Ligand code: NAP
């Protein structure tokens, strides 16, 4: 009988093989650092794009900006590429960069603990093996733990119950009565596809969302030819990066740019929904930009169809046969889909213990916080990718990943230059940074409604309050004076 698997000593352990984990792995390999592993709980790499296989899943920022600057992709079939193309991009990236030998797929990290005496991370996996790592990179991202709604009776539903982020394609939908809870970006992509597939859909809306048109288009052979030219690819990326930052002006409360966004949304609503009463039910009760804006050309139009029901009365409970609403009606359903998003506050579901055994979850009792979304005081050599306050509602999240990866590479080099084992952001450095962020967020549009950007305490744990270049510039120029070395 073979004994229990031994502890493997590695330089860097990466948790999660999504976009940010892969970017970290590529940077390590390109720098000649081969001593790392990537642990991924799913059976394949891809992260978000592995998990979110619901019909209609696609990226809703222009795909040329949803590829890494160091790995351009000339193959996109359209501007807003469907999910399988993004997964294929990730798989090609892993192949081309020789990442396969580093991947440990289908393995869960069950605990990570900083060993004060050794100055290293002890990371336990669910197969009984463990990793002993100098640095621990958590690239689980904010949107990885599906959130089921807290609705009474949900578990007693007798039909099939699905979460959009754990799609089960074997459940037949054509001709069946399908209820969808939620009206965010996911529902807006999913519902039109369900209807196209012949499902009889009832949408349960708690809050109406702002919807803007998606200026989509197919990329033809000529586009692909041009995208293969590095200069062209770079130019298109720059164009979309600049356009996204210009769009960001619309998030400034009271600005002319915000008024223009509202006018565009109103025009879109009027074009797609002719019935004034339905339009009224689809008008959001909060300022544009506060929740993630939905970009869609077929969501509102689908809700206006006579064979699609929009229910805006609150859900009282789920029954074995369907959903009962507060007006006393019961909506009979065969399938109940929860497009209810993610648990952002507890996105790092793994117990992580830092110096002196302190729990990260304890340190974050008021909600997650980290220096530039990357470093947490008391947790040496722990690097979060897309940690707290690195999300935006206006551009590609990859623009935040790249500076974070570059910072980790600099931090590793700095440790070696100083002959130190670990670095730890000082509490006062983190406090100062966090106070600045929260002060800037206080008057912002993102504090004017409830959304996944905010923790239960009301604190905004997700949004970067500035423009993207500021994040890249500041993190890129960050010195190590605010860190303690040991
Ligand atoms: P979400 O934006 O958090 O939306 C969840 C929806 O479920 C909301 O409409 C929410 O209503 C509703 N809900 C939650 N609990 C409920 C309850 N108990 N009863 C009734 N309704 C309930 O989640 P998401 O649509 O999955 O999107 C999450 C994020 O993922 C997006 O904002 C976006 O950043 C990203 N995303 C991106 C893409 C893309 O790029 N293609 C696609 C999908 C998602 P309330 O508004 O009232 O809370």
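None of the figures in this text is laboratory data; all of them are computed from the coordinates on show. This one's a predicted model, so the numbers in the text were calculated from it and none came from an experiment. Because the Cβ atoms are built from the backbone with ideal geometry, glycine has one as well, and the counts that use them run over all protein chains shown.
Laid out as a table, the results:
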{"item": "Protection proxy ranking of 230-237, 85-92 - average other beta-carbon atoms within 10 Å, highest first", "result": "85-92, 230-237"}
{"item": "Rg/Rg_ref, region 154-338, where Rg_ref = 2.2 N^0.38 Å and atoms are Cα", "result": "1.20"}
{"item": "Share of pairwise Cα separations in region 264-394, more than 24 Å, in percent", "result": "55 percent"}
{"item": "Cα-based Rg of region 111-237 normalised by 2.2 N^0.38 Å, two decimals", "result": "1.63"}
{"item": "Mean Cβ neighbour count within 10 Å, used as a protection proxy, ranking 191-203, 374-386, 441-453 highest first", "result": "374-386, 191-203, 441-453"}
{"item": "Quarter of Cα convex hull surface for the chain, i.e. mean projection, nm²", "result": "24.7 nm²"}
{"item": "Spatial extent of region 49-141: Rg and Dmax, with the Cα atoms as the point set, Å", "result": "17.3, 53"}
{"item": "Shape category assigned to region 330-405 from the gyration tensor of Cα positions, a/c cut at 1.5", "result": "oblate"}
{"item": "Nearest-ten-degree value, helix 256-272 long axis tilted from longest Cα axis of the chain", "result": "50 degrees"}
{"item": "Stokes-Einstein D in µm²/s, Kirkwood radius over Cα pairs - region 403-477 at 25 °C with 0.890 mPa s viscosity", "result": "169 µm²/s"}
{"item": "For 260, 426, order by how many other beta-carbon atoms lie within 10 Å, fewest first", "result": "260, 426"}
{"item": "Between region 168-216 and region 310-373, the Cα center-to-center distance that results, in Å", "result": "19 Å"}
{"item": "Principal-axis tilt of helix 185-196 within the chain, Cα atoms, nearest 10 degrees", "result": "50 degrees"}
